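Worksheet for the structure shown next.
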Amino acid sequence: MKPTDIDETARRAGDVLDRVSEAVVGKRDELRLVLAGILAGGHVLFEDVPGLGKTLAARSFAQALGLSFRRLQFTPDLLPADVTGGVVYDQRQGTFEFRRGPVFTNLLLADEINRTPPRTQAALLEAMQEHQVSVEGATHRLEQPFVVLATANPIEYEGTYQLPEAQLDRFMLRVSFGYLTPELEWEVLARRVGRRQEDTRVDAVVDAAGLRGMQAAVETVDVEASVGRYIVDLVTATRRRPEVLVGASPRGALACMLCARAWAVIDGRDFVTPDDVKAVVGAALAHRLTLRPETYIRRVDSGDIVRSVLAEVPVPETAGRPAY
């Protein structure tokens, strides 16, 4: 896929954010993180309480990016074949044929992914990492681009199956919306009254081919050695914190770099600055940390650890632009 010009990619990205912000009120920074994850070719986990617009954001991104969209509600009785599809017998033809599951789409919303057993959660792993599914010994490629936006409820644990660390690590970013201010919450109500219908729909800015071009543009962004080493220092520092049992892996460093490149492109730059890294590091690393049990008593979470690491690791004195 031929990369789109950086300036054109930035313009399209801004238009996408404008369209999605028409539906999701007051969360521009969080939506930009999600878009950065999509442009970087990753998957995003929404972890937040119900009713804050996670499903709406996923559907709006699919519409603004011109992508095919499927929503899969994860439940305790959901089977792996309900995700990937399976082989069925065609009585008319007297043959077996593969019927595709919901995973065969451009953007899959895995709603309440922590409500389904680990076996079904794992059915997404191959699709997320390899962009393919294997059923009955046959491999089926997924159409590109392929993005998983998953939601999880962090406060209601009864009847849920928490995502294991290995699967959490497959998500490039974890994003939380949080509650709106009273003024913005009133704006949500006012917009609902104004449109006189429940459903919201945003106009498409690009299509699947256009998104592939935008993703290719991200691959042209340069990362100066000092900025790359800054990312490595941040990741390494998470492993040395006394509160951390298992720190971020090299995959975390890679996710941070890829998202920082996408963040730079959204700003219209072809190079990464330390500020780009700071903007994405929390969403890229916090969910990859395993904390010691005593930290919960002290009310310390992984986000606190990342903020502490940001404060202690020296920032390189560079603008981020390569010298050559």
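Among the residues of the range 129-140, the ones that are in contact with a His (Cβ under 9 Å, 6 or more places away or on another chain) and open to solvent by 50 Å² or more (accessible area, probe 1.4 Å) come to 1 in all.
Looking at the structure I just gave you, is Leu31 free of Cβ contacts under 8 Å to residues at least 40 places away in the same chain, closer than 14 Å to Leu149 by Cβ and either open to solvent by 20 Å² or more (accessible area, probe 1.4 Å) or part of a helix (DSSP H, G or I) (or both)? Criteria met by Leu31. No other residue among Ala110, Ala123 is touching a helix residue (DSSP H, G or I) at 6+ places or on another chain (Cβ under 8 Å), among the small types (Gly, Ala, Ser), more than 18 Å from Val34 (Cα to Cα) and free of Cβ contacts under 8 Å to residues at least 60 places away in the same chain apart from Ala123. Can you confirm whether the range 149-169 contains a residue that is of a type in the set (Phe, Trp, Tyr) and closer than 18 Å to Asp111 by Cα? Within the range 149-169, one or more residues are of a type in the set (Phe, Trp, Tyr) and closer than 18 Å to Asp111 by Cα.
Considering only residues in the range 43-76 that are over 23 Å from Gln167 (Cα atoms) and modelled with pLDDT under 90, the one that is farthest from the chain's Cα centre (by Cα) turns out to be Gly51. Within the range 82-128, the set of residues being of a type in the set (S, T, N, Q) and surrounded by fewer than 16 Cβ atoms within 10 Å (Cβ to Cβ) comprises Gln91, Gln93, Thr95.
Of all positions in the range 77-85, at least one carries a residue that is among the small types (Gly, Ala, Ser), modelled with pLDDT under 95 and either touching a Gly at 6+ places or on another chain (Cβ under 8 Å) or within 22 Å of Met257 (Cα to Cα) (or both). Does Arg170 satisfy the condition of being at pLDDT below 90 and over 20 Å from the mean Cα position of the chain (by Cα)? No: the conditions fail for Arg170. Applying the condition of being of a type in the set (Gly, Ala, Ser) and at pLDDT 90 or above to the range 288-311 and asking which residue is farthest from the chain's Cα centre (by Cα) yields Ala311.
From the list Arg115, Arg191, Arg99, the one residue that fits, being out of contact with any strand residue (DSSP E or B) (no Cβ under 7 Å at 6 or more places or on another chain) and farther than 21 Å from Val44 by Cα, is Arg191.
Quick one: count up the residues across the range 1-18 that are open to solvent by 40 Å² or more (accessible area, probe 1.4 Å), closer than 19 Å to Asn106 by Cα and in a helix (DSSP H, G or I). Count: 1. Among the residues of the range 246-273, those identified as part of a helix (DSSP H, G or I) and open to solvent by less than 10 Å² (accessible area, probe 1.4 Å) are Gly252, Ala255, Cys256, Cys259, Ala260, Ala262, Ala264, Val265.
Taking helices (runs of 4 or more DSSP H) as the structural unit, those lying wholly within the range 160-234 and holding at least 2 residues that are buried (at least 16 other Cβ atoms within 10 Å of the Cβ) correspond to 165-168, 208-218.
The values are calculated or read from the model by the stated rules, or taken from the named source; none is laboratory data. Just so it is clear, the model here is predicted, and its values are computed rather than measured. We place every Cβ from the backbone using ideal geometry, glycine too, and count neighbours over all the protein chains shown. Accessible surface is based on the protein model in full, side chains and every heavy atom, while ligands, DNA and RNA are left aside. Shrake-Rupley method; radii C 1.70, N 1.55, O 1.52, S 1.80 Å.
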